[in-house]
Amino acid sequence: MNILSVEHLTKVYGTGATAVRALDDVSFTVEAGEFIAIIGSSGSGKSTLLHLMGGVDRPTSGTVRLQGQDIFARSDEELAVFRRREVGLVYQFYNLIPILDVVENMTLPVRMDGRDVNDKRLKMLLRSLGLTGREHYLPNQLSGGQQQRVAIGRALMNAPAVVLADEPTGNLDSKNSAEIMQLLRDSNRQLKQTLIVITHDEDIALMADRVLAIEDGRLVRDERRREVRTVSVRSEAGRGGAAHNAVHETVVPGTSVSPAAHETVVPGTSVSTSVSGVR
């Protein structure tokens, strides 16, 4: 089942001779429960793409649909609510509020909506993120890895349909990077969270179910490394039990850490970017 659709997305900054086409007619769909890595060199347009998917910016043309709804049909105020409730955004530099503690930072989107905090979910996230016992620490009392865990908790607090992470390990050492990516992968698998990560890191790209490569604002490679199937499963309570979704992974035959056993090259584009050549 497709949860997100990017349709002919184009973003141009400036006008006339100084105009820069940061994104050029990009289209693809995302299945519920997928983990997608988006790779490309600096300035390729991958962060612009993520910001548009998250409703942080508006496109010059084209659109993004989340669960069938055109996100740019909303007003700026409605887009702000969309970012708090329907997508989880994780950035390289954490963006925590310095005067708020761990719990206050994590629950900020909920409280900004004037809603009650789900204490059960908060405790679950604190435990799974390894933040139990640090609930009242301020950001300057935490390591970089711990601050990024808080940022991930904030992104997951509202149980968003999609988590968008822009270089989430770019400011961390290798140990903390591995731990942060394992946390995101666990949320993808255990919470059935759709996850899209912008990265320069080859190891992160190789964790993904699917890799998209952006070059000069265009989608040049769409490589699926694992199939993700969402099926309806009946509970053991019997025939009358409620159905729920479960995500099952199947590794595409022949895939490994080497490039592209199963890939789609976008017509008219080169194939110079591969998983083994993440830049």
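The values are calculated or read from the model by the stated rules, or taken from the named source; none is laboratory data. Quick caveat: nothing in here was measured; it's all calculated off a predicted structure. Neighbour counts run over all protein chains shown; Cβ positions are idealised from the backbone, glycine included.
Yes/no per residue for (1) out of contact with any Asp or Glu (no Cβ under 7 Å at 6 or more places or on another chain); (2) at pLDDT 95 or above; (3) aromatic (Phe, Trp, Tyr); (4) more than 17 Å from Val162 (Cβ to Cβ):
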site: Val20; (1), (2), (3), (4): yes, no, no, yes
site: Asp24; (1), (2), (3), (4): yes, yes, no, yes
site: Gly33; (1), (2), (3), (4): yes, no, no, no
site: Ser42; (1), (2), (3), (4): yes, no, no, yes
site: Arg58; (1), (2), (3), (4): yes, yes, no, yes
site: Ser61; (1), (2), (3), (4): yes, yes, no, yes
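Starting from residues that are within 22 Å of the chain's Cα centre (by Cα) and surrounded by fewer than 17 Cβ atoms within 10 Å (Cβ to Cβ), keep the ones in the stretch 122-150 and report whichever is nearest to Gln92 (Cα to Cα).
So, considering only residues that are within 22 Å of the chain's Cα centre (by Cα) and surrounded by fewer than 17 Cβ atoms within 10 Å (Cβ to Cβ), the one nearest to Gln92 (Cα to Cα) is Gly144.
Read through the list (1) part of a helix (DSSP H, G or I); (2) surrounded by fewer than 15 Cβ atoms within 10 Å (Cβ to Cβ); (3) at pLDDT 95 or above, then give the number of the only condition that Glu77 fails.
(3)
Looking at the stretch 1-10 only, could you name the residues that are in contact (Cβ under 8 Å) with a residue 60 or more places away in the chain and either crowded, with 21+ Cβ neighbours inside 10 Å or of a type in the set (A, V, I, L, M, F, W, C) (or both)?
Met1, Ile3, Leu4
Output the residues belonging to the stretch 27-43 that are part of a strand (DSSP E or B) and among the acidic types (Asp, Glu).
Result: Glu31, single match.
Yes or no, residue by residue, for (1) surrounded by 22 or more Cβ atoms within 10 Å (Cβ to Cβ); (2) of a type outside the set (A, V, I, L, M):
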site: Leu23; (1), (2): yes, no
site: Glu31; (1), (2): no, yes
site: Phe35; (1), (2): yes, yes
site: Gln67; (1), (2): no, yes
site: Tyr91; (1), (2): no, yes
site: Pro98; (1), (2): no, yes
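Output the number of the condition that Ser44 fails; it satisfies all remaining conditions of (1) small (Gly, Ala, Ser); (2) more than 16 Å from the chain's Cα centre (by Cα); (3) surrounded by 22 or more Cβ atoms within 10 Å (Cβ to Cβ); (4) on the phi > 0 side of the Ramachandran plot.
That leaves (4) as the condition not met.
Consider the stretch 166-206. How many of its residues are more than 27 Å from Asp24 (Cα to Cα) and assigned to a helix (DSSP H, G or I)?
Summing the residues that are more than 27 Å from Asp24 (Cα to Cα) and assigned to a helix (DSSP H, G or I) in the stretch 166-206 gives 18.
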